[in-house]
Amino acid sequence: MTGVNIIGVGKYVPDLIVTNDMLSEIVDTNDEWITTRTGIKSRHITNGEPTYHLGAMAAKEAVQDADIDPKDIGIIIVTTITNDFSTPSVSCLIQREIGAIGSLAIDINCACSGFVYAFDMAKRYLETDKDIKYALVVSAEELSKITDYTDRSTCILFGDGAAAVVLELNDNKMFSSYLGADGTGAEFLLVRSYQSETPFTTNHDRFDDKMPDGNSHYLFQNGKEVYKFATKTLPSAVINSCEKIGITPADLDLIIPHQANIRIIETAAKNLGLSMDKFYLNLENHGNTSSASVPMALYDAVKDGNLKKGNKACIVGFGAGLTYGGVVFEF
Ligand code: UT7
């Protein structure tokens, strides 16, 4: 079976830490509500550094950890929903910062499932293009850019951060992926982009009556619908990605889920009949950082020894789109 070696890992979070108590000074909330409903205690928030800077810092560490020349990176895939510019892409800006000039550079937007999608995509590039020796996957997010800090139902959830991995192909490692999306749930989690308003536009009617109205560029979430979707898709993505290579979730050493909410992960663990010990958590100190959450947790699991060489692991994400996905791999 063809899989991947993760030969380098990196992570970067801004210095500024916002605690639940700090949030309770700006919206009507409290530490007890946030902790019991989400498991989150604090999150890192940018103090002005752009998204690409967080990503570049994580990428530099991953490249250094892999001990490779950045010029040997054949592809950079960046996952983000909080790019600094519509164009150029964050991947081009990170490429410039780390000196990997000449590599293929692409941004993908699969929301919180982004890293899981990109991990699978990187493996496919490594497998089909023999000129690509190393792939760099970077997930960088500044959800603070799209968070309404007057809305207590969302501002308590999100944080900023980035993480990166360097991958190479390994012909003797297990790997399977199960990725998907359900666009019928698009209206449950969204961030509105610019609308075309030209001097020639005469029709100001709403075009899409499925999406909630408004011009706000802040994140809108129907928390209950997303919660239902998450508790269903997290276990099914784990089961299906395992099934594809003939193992069961009980055979996994570690599951690294999207760090959205402790209650979602506890429900998934129960539905899978697994103990919470199998699930890696770092949401207490990071909150939900969208696509960066899975690789940030993966990084922490490597550094604190919870993910060891030879372990069978599953990374699993779910989020806006609605998207979902699981990848099983041997570390
Ligand atoms: O990465 C994207 C994936 N996103 C997610 O996974 C999010 C999924 N959804 C969730 O995690 C949960 O739905 C939330 C954490 C967002 C909300 O938890 P909930 O248990 O569904 O709470 P709720 O929305 O039903 O609100 C319960 C009560 C309401 O008050 P009333 O109407 O019962 O009087 C809210 O107004 O809690 C109130 N509330 C708050 N109270 C204190 C909502 N936010 C807060 C708050 N502090 N921050």
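For the reader, a short list of remarks on this structure follows.
- Between amide H atoms placed 1.01 Å from N, distances below 5 Å from residue 110 occur with 80, all of them 5 or more places distant or on a separate chain.
- Residues of type lysines that residue 232 reaches as a straight line, Cα spacing below 21 Å, ignoring anything fewer than 8 places off in the same chain: 224, 244, 270, 278
- In the chain, the portion of solvent-accessible area held by carbon and sulfur atoms comes to 49 percent [1.4 Å probe, whole percent, DNA, RNA and ligands not counted].
- Computed [θ] at 222 nm, deg cm²/dmol, the chain (DSSP H ≥ 4; -39,500 (n - 2.57); rounded to nearest 500): -9500 deg cm²/dmol
- Distance from region 54-85 to region 304-321 (C-alpha centre basis), Å: 19
- 3J(HN,Hα) along region 48-64, derived from phi through the Karplus expression 6.51 cos²θ - 1.76 cosθ + 1.60 where θ = phi - 60°, amounts to x, 5, x, 4, 5, 5, 4, x, 5, 5, 5, 5, 4, 5, 5, 5, 5 Hz, with x in place of Gly and Pro.
- Pairs of Lys residues in region 3-170 that lie 8 or more places apart, or on two chains, and have C-alpha atoms under 18 angstrom apart add up to 6.
- Counting DSSP beta bridges with both ends in region 3-170, the antiparallel % (nearest 5): 65
- Each 10 Å bin from zero holds the following percent of Cα-Cα pairs in region 3-170: 11, 37, 29, 16, 7, 0.
- Å² per residue, accessible surface of region 77-149 at 1.4 Å: 38
- Low-density loop positions, GluC sites (Glu not before Pro), region 138-235 - DSSP coil, at most 12 other Cβ in 10 Å: 197
- Cα extents for the chain along the principal axes, largest to smallest and rounded to whole angstrom: 55, 49, 37.
- Point-to-point label distance, residue 270-residue 224, nm (Cα→Cβ direction, 7 Å offset): 1.8
- Within region 107-186, the trypsin sites (Lys or Arg not before Pro) that combine a DSSP coil assignment with at most 10 other C-beta atoms in a 10 angstrom radius are 130.
- Taking max minus min of the alpha-carbon positions on each principal axis, region 235-331 gives extents of 33, 31, 22 Å, largest first.
- Beta bridges assigned by DSSP with both partners in region 213-331 are antiparallel in approximately 60 percent of cases.
- The simple Förster model, with R0 at 51 Å and r as the Cβ-Cβ distance, assigns residue 245 and residue 203 a FRET efficiency of 0.50.
- Rg and Dmax, both from the Cα atoms of region 156-284 and both in Å, are 19.5, 61.
The values are calculated or read from the model by the stated rules, or taken from the named source; none is laboratory data. The structure displayed is predicted, hence computed values, not measured ones. No Cβ is skipped: glycine too gets one built from the backbone with ideal geometry, and neighbour counts run over all protein chains shown. In case anyone asks, the SASA skips ligands and DNA or RNA and just uses the protein heavy atoms, side chains included. Shrake-Rupley method; radii C 1.70, N 1.55, O 1.52, S 1.80 Å.
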